[in-house]
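The values are calculated or read from the model by the stated rules, or taken from the named source; none is laboratory data. Note that the structure is a prediction, hence the values are computed from the model and not measured. Methodologically, a virtual Cβ is constructed for each residue, glycine included, from the backbone with ideal geometry; neighbour enumeration extends over all protein chains shown.
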Number of protein chains: 2
Amino acid sequence: MKSYPSPISVTVDAVIFTISDGTLKVLLVSRDEAPFKNKWSLPGGFIHSKETSLQAIKRILKAKAGIANIFTEQLYTFDDSNRDPRGHVITISYFAFVREDQIKFNKAKHPQSPTFFSVQKLPPMAFDHAKIVKYAIKRLQAKLEYTNIVYALLPKTFPFSQLQNIYEEVWNRKLDKRNFRKKFMSLKLIKPTRGLLEGSRQRPARLFQFINPNQQELKKFF
Amino acid sequence: MKSYPSPISVTVDAVIFTISDGTLKVLLVSRDEAPFKNKWSLPGGFIHSKETSLQAIKRILKAKAGIANIFTEQLYTFDDSNRDPRGHVITISYFAFVREDQIKFNKAKHPQSPTFFSVQKLPPMAFDHAKIVKYAIKRLQAKLEYTNIVYALLPKTFPFSQLQNIYEEVWNRKLDKRNFRKKFMSLKLIKPTRGLLEGSRQRPARLFQFINPNQQELKKFF
DNA sequence: CCAAAAGTGTTGACTGTACACCCATGT
DNA sequence: ACATGGGTGTACAGTCAACACTTTTGG
């Protein structure tokens, strides 16, 4: 048996999306070592020798931001020769979603200051992470159109306007209320509950929920 | 600066499609070393330390099958822990297209017997390559729908039926002649030439060509 | 003249889009 | 009473799917 030629360093990076304050945001952490020390970057790190890239992502997200049990999907493997000043380092990138209520950051446990940035106002980032985020947004926009991933961004019950807002934020354009409701309802993914959204100073909105309560996997609409 | 932890062996594999004898085929080579010696596998190999995965694919395809200058696109990175008996080996897979007339295999130059197999009659394959091929076919089916990649599978001029045949083969279903022609023509990608297809014993077919003669990149239809 | 593939239009169903007003509540 | 977002229906245009016959050539 031949020896294994040319070992290469392999990292993983995650583009974690959330919707908070009604806008689409991405999770960044402050790098605690060179290169790019103190620059914002996607949460990521080297793959350990006995784990898969998916296991590595889950380990790193838990350690750096206390995030667990979220939907993740492979995005792309970036290996441009100039992407890392340390040499030949490739990264397998993932994208994922969290709901606001799943997050609790903590200065002591998460010293790299995990912070959600609006995709409209991203800071300068380490490596080629700006490119990776851009690519992830494109993928997210496409997936929203033909799958039910929006599920991963919504709480158990939600008013219809919150659902529509996600589509508007991700696609970055306004949608017609009536047409959107008609189309989404025809997909038979959600149903009204008996609940109403209290506490606004307008007419209370009907709350909806997904019909399949443990709808974990991704389904195609068509 | 920290040392680079956990080097991992990284390979590339290519799923090369062609249409020949009117059917969709995939290129396989016979492995010339362990593991899986003499089994059919996707053409691939280890990435050298100074090259990107794309460069590696191009180098390997040229060496193993004499194929150069073809359209390639990254497919997925497979890294299941059990995919390679040698240990932790991940593979960045690519898919690509050749036209029949671009190929000339040669026993002396290409000792691994590169051979196109119909996707309907694939032999047992090494590693997880059957899974990779299956994934590539799905991607190809999707891409055919909303991009102009069919370009990469057609000669300079071609009868309309050859174009339709590609769609039928890849999607594995029959399409209505009239509807297909109407729809494809409305995309304004091809135009009729003055040429006719001679040599059949039926009515000669009009030959078409793509309007942009150097249409290398992938364009979306919509 | 026969076999074989080439070529051509119309209709009905469905889907997407544009568009404006009343409703229920809190202040 | 008013400000605010919640909630609803119709009409037109464009797209998709079903469907059958004539044309041109070689043998």
Cross-chain or 6+ apart pairs with Cβ under 6 Å, the range A:177-202 first and within 14 Å of chain B (Cβ to nearest Cβ) and in contact (Cβ under 8 Å) with a residue 60 or more places away in the chain, then among the hydroxyl-bearing types (Ser, Thr, Tyr) and within 11 Å of DNA strand D (Cβ to nearest atom): none
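Could you tell me whether A:ARG178 is assigned to a loop (DSSP other than H, G, I, E, B) and within 7 Å of DNA strand C (Cβ to nearest atom)?
No.
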In the range A:203-212, residue nearest to DNA strand D (Cβ to nearest atom) [restricted to those that are under 29 Å from A:ASN69 (Cβ atoms) and free of Cβ contacts under 8 Å to residues at least 24 places away in the same chain]: A:ILE211
Residue ranges of strands (runs of 3 or more DSSP E) in the range B:17-112 with at least 3 members within 14 Å of another protein chain (Cβ to nearest Cβ) and in contact (Cβ under 8 Å) with a residue 24 or more places away in the chain: B:44-46, B:72-78, B:89-97
Test: residue in the range B:59-80 that is over 14 Å from the mean Cα position of the chain (by Cα), within 21 Å of A:TYR76 (Cβ to Cβ) and surrounded by fewer than 15 Cβ atoms within 10 Å (Cβ to Cβ): yes
Candidates A:LEU42, A:LEU61, A:LEU75, filtered to the one that is of a type outside the set (Asp, Glu) and touching a His at 6+ places or on another chain (Cβ under 8 Å): A:LEU42
Residues being surrounded by fewer than 17 Cβ atoms within 10 Å (Cβ to Cβ), away from DNA strand C (no atom under 13 Å from the Cβ) and not in a helix (DSSP H, G or I) - total across the range A:158-175: 1
Residues (within 11 Å of DNA strand D (Cβ to nearest atom) and either surrounded by 10 or more Cβ atoms within 10 Å (Cβ to Cβ) or hydroxyl-bearing (Ser, Thr, Tyr) (or both)) located in the range A:176-192: A:ASP176, A:LYS177, A:PHE180, A:ARG181, A:LYS182, A:LYS183, A:MET185, A:PRO192
Test: residue in the range A:118-133 that is within 14 Å of chain B (Cβ to nearest Cβ), among the acidic types (Asp, Glu) and closer than 30 Å to A:LYS191 by Cβ: no
Which listed residue, of B:LEU140, B:LEU163, is assigned by TED's automatic domain parsing to the domain that holds B:ASP101, away from DNA strand D (no atom under 13 Å from the Cβ), in contact with a helix residue (DSSP H, G or I) (Cβ under 8 Å, 6 or more places away or on another chain) and of a type outside the set (Gly, Ala, Ser): B:LEU140
Unmet requirement for B:THR115, which otherwise passes all of (1) more than 16 Å from DNA strand C (Cβ to nearest atom); (2) more than 18 Å from B:THR23 (Cβ to Cβ): (2)
Residue within the range A:204-214 that is at pLDDT below 95, within 16 Å of DNA strand C (Cβ to nearest atom) and not in a loop (DSSP other than H, G, I, E, B) present: no
Sole exception among (1) surrounded by 16 or more Cβ atoms within 10 Å (Cβ to Cβ); (2) more than 16 Å from DNA strand C (Cβ to nearest atom); (3) assigned to a helix (DSSP H, G or I) for A:PHE127, by number: (3)
Qualifying residue in the range A:187-199 (condition: part of a loop (DSSP other than H, G, I, E, B), at pLDDT below 90 and not assigned by TED's automatic domain parsing to the domain that holds A:THR72): yes
Every residue from the range A:178-215 that is touching a Ser or Thr at 6+ places or on another chain (Cβ under 9 Å) and of a type in the set (Ser, Thr, Tyr): A:THR193
